[in-house]
Structure formats: C-alpha cells, structure tokens
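Structure first, then comments.
The values are calculated or read from the model by the stated rules, or taken from the named source; none is laboratory data. Predicted model, so just to flag it, every value in this text is computed and none were measured. Methodologically, a virtual Cβ is constructed for each residue, glycine included, from the backbone with ideal geometry; neighbour enumeration extends over all protein chains shown. Quick note on the areas: whole protein, heavy atoms, side chains included, nothing else; ligands and nucleic acids left out. Shrake-Rupley method; radii C 1.70, N 1.55, O 1.52, S 1.80 Å.
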Amino acid sequence: MHKTRISIGVVTIRERLQGLRRLLKSLHTQEYPKELIQIILVPNMDSREWALLSQALESEFLIGVQILEAHARVLGAARNEIIDCADGEVLLLLDDDCWIEDSRHLSRRSRLHELHPETVIGGYYNDDASVASDHFYNDLCNTWVEMDPQGWKCLGGNTSYPLEVLKNSGARFNDHHAYGGNENILNLKLWKQKIRFYKTRSVSVGHQDPSRFSKVLKKAVLQGRARAHEDRDAGDRPELRSLAKSLFDKVLKKKRPLKHLSYYLLGEIAYFSESLSETLTETLPESLRDRLKKPKINCNPVKQMVESAEEGQNQGHPKAHSFSLPSENPATENPAAQ
C-alpha cells in the first residue's frame with residue numbers, strides 16, 4: 001500500500017509549451033494515489049506570458065496543479081520556492097523538457113525512498129526517439145553521473161530528496177547565479193553533511209536532447225564561467241598551476257568521445273579564463289578594479305526579464321493558486337482511511 005506523499009516541482013519557461021504538456025500528461029497518468037501527489041508548477045515568466053501559455057495548455061492538464069506566482073526569477077530562486085511550498089515527504093524535481101515514460105515510476109521511486117531512508121535518489125535520462133538527434137547531451141549527462149567518484153552528482157531534472165532532510169540541512173539552491181547545473185552546489189552541501197546518495201536507472205525519465213550542438217557548447221561556456229564565480233564566492237581561488245592540472249585531469253586524461261571532449265574542454269577553458277581574470281583583477285588598485293568589474297552572469301532563458309523582476313520580487317512566502325486533485329477512487333479520498 002502506498003503511503004509516501006510525493007511533491008513534484010517543475011520550473012517552466014515560455015519556450016517549452018509542448019514539453020510542459022507532455023510532462024503534465026505523464027504525471028496525470030501515473031499509477032499512484034492522486035491524494036498522495038502534489039504538483040508544484042513555477043511559471044518562470046511574467047504573468048502576461050503565463051496567461052497566454054496556460055490558455056494554450058489543455059485545461060485538464062492544470063487540474064490538481066499548485067501554480068506559484070508567475071514572474072521571472074533565476075532557476076535557483078524558483079526551486080527554493082518549490083521547497084518552501086512542498087508538503088510531501090519526498091520532493092521530486094523535474095525539468096519541463098522531461099517526461100515520465102513508465103506509469104509506475106512514482107511507485108518505484110516511493111519504494112526506493114522507503115528502502116533507502118534519508119537518501120537522495122537520482123535517476124538518468126532516456127533518449128527521445130521521436131527527435132532526429134544523435135542524443136549527445138543525454139549521453140554526456142549520463143556519463144557525467146556514472147563517472148562521479150564521490151557519488152553526489154545527480155541530474156537536476158530527475159532527482160528526489162527526502163524533504164525533511166533537505167529542510168533540516170539548511171541547504172538551499174543558489175538564487176544568484178542562473179545557469180544549468182545549479183543543483184550541484186546544493187548536492188555538494190548535502191554530501192559534505194554526510195547525506196547519502198543513491199543513483200539508479202530504474203527511475204530514468206525521458207529527456208528531449210537539444211538538437212543543436214552549438215547550443216550545448218554555449219552552455220558549457222556559461223557553466224564554466226559561473227562555476228568560477230561560485231568558487232570565488234566560496235573563497236576557493238585556484239592558482240594557475242592547479243587550474244592547468246584540473247584541465248589535464250578532467251579532459252586530457254579521460255578517454256571520452258570527441259564531442260564529450262569538446263564540451264569539457266570548452267567548459268574548463270571558460271572556467272580557467274574567468275578564474276584567471278578574477279585573480280588578475282584583484283591585483284589592481286581598487287578604483288581601477290571597480291571600473292573593470294563585470295556584471296553578474298545571467299544564463300537563464302528569461303534573462304532579459306530577470307533584472308527588472310528581481311527588484312519587485314516578493315520576499316515572503318510565494319503566492320500560489322491551489323487546485324484540488326480529484327481522487328481516482330472517491331472511497332479513498334481520505335489517506336488515513338487506507
């Protein structure tokens with residue numbers, strides 16, 4: 001008998017109407033008690049754009065979905081709002097370009113959390129066979145997870161957390177830098193607190209692989225630059241020698257496919273150059289340093305709206321519109337009756 005309440009958090013952007021429709025449809029067809037599912041949707045766009053997007057969705061897809069206030073914010077801030085609103089025992093984070101292919105996915109994930117209490121459960125990506133792509137990015141992501149020697153690296157679009165562990169740890173997503181891979185900072189904080197991680201392909205999800213290789217390479221550059229800023233904020237200021245060694249260890253020593261190699265190489269070069277420029281800038285006089293100071297990196301797809309929205313962002317509990325989720329069986333509407 002299912003007893004674990006699962007909160008599912010999704011951050012959506014305006015370009016992914018079809019992906020969001022496919023994801024919501026897959027969630028509504030799960031063979032799991034509806035009263036034990038909470039779906040939290042964060043429209044990462046302004047309210048007018050969300051009004052147009054929601055009209056384009058089939059109305060039944062939004063039944064049972066808790067929709068937070070629509071406005072532009074960085075990815076980490078949006079995910080923190082999901083944490084604040086979640087009321088389940090487990091929080092599953094999915095991206096809006098993912099979908100669940102197995103109707104018993106939530107049942108399987110619930111069982112994993114029961115078998116591995118106080119453990120973060122990470123899954124993998126499956127390819128979208130309907131898209132003409134060589135599936136490079138999905139393969140890259142799965143390889144990155146598999147080759148993790150410490151065990152804390154998980155895919156941001158397919159990871160579930162025991163909510164009590166997440167809240168008690170005090171770990172939060174970084175709400176200043178908006179870029180893919182933002183979940184790495186949170187996972188590393190949990191790992192340093194001795195939180196366990198368990199990764200399995202039994203809870204894989206479908207994922208639409210970006211079709212353009214150039215888009216993936218651009219992401220590598222943005223992630224590398226942002227990672228340099230993260231290390232700087234954490235007080236980690238690598239020297240030139242350590243940067244060169246990192247580049248050699250992560251890229252040249254690894255026997256990776258050519259496309260994988262180019263991705264890692266470009267990311268490490270971006271990290272290297274950004275870190276080096278930060279180090280050199282600090283040796284300059286303060287007056288000259290202020291003139292050369294770079295603006296904060298913003299790699300979110302809605303980056304043109306973020307700056308204007310941040311000033312007016314509500315600092316309190318995010319506003320939400322709640323909809324009751326109809327039970328599959330009216331006789332089991334009360335979970336306690338089971």
Original post:
Which far-off residues, 5 or more places away or on another chain, put their amide H under 5 Å from the one on ARG196, with H placed in the peptide plane?
Top reply: VAL120
Original post:
Among 107-113, 194-200, 47-53, what's the highest-first ranking by average C-beta atoms within 10 angstrom per residue?
Top reply: 107-113, 194-200, 47-53
Subject >> With DNA, RNA and ligands ignored, accessible area of MET147 (1.4 Å probe; Å², nearest 10) >> reply: 90 Å²
Original post:
For the pair GLU58 and LEU217, how long in nm is the line joining their label points, each one 7 Å along Cα→Cβ?
Top reply: 4.0 nm
**OP:** Using Cα pairs closer than 8 Å and at least 6 residues apart in sequence, work out the relative contact order for the range 65-173, in percent.
**Re:** 44 percent
Original post:
Once Rh is set to the Kirkwood radius over Cα pairs, what Stokes-Einstein translational diffusion coefficient, in µm²/s, holds for the range 1-110 at a temperature of 4 °C and a viscosity of 1.567 mPa s?
Top reply: 92 µm²/s
**OP:** Take the alpha-carbon centre of the range 93-121, take the same for the range 1-16, and report the distance between them in whole Å.
**Re:** 10 Å
Subject >> Backbone HN-Hα couplings from phi across the range 109-122 [Karplus 6.51/-1.76/1.60, Hz, Gly and Pro as x] >> reply: 5, 4, 5, 4, 5, 5, 6, 10, x, 6, 10, 7, 10, x
Original post:
Rounded to a whole number, what % of the accessible area of the range 42-149 do carbon and sulfur atoms account for, probe 1.4 Å?
Top reply: 49 percent
Subject >> With all protein chains modelled, accessible area of LYS192 [1.4 Å, Å²] >> reply: 140 Å²
Subject >> Listed residues GLU164, GLU183 arranged by accessible area, highest first, probe 1.4 Å >> reply: GLU164, GLU183
Original post:
Non-local amide H neighbours of ILE39 (under 5 Å, H modeled in plane, Pro and chain starts lacking H): which ones?
Top reply: ILE8, GLN66
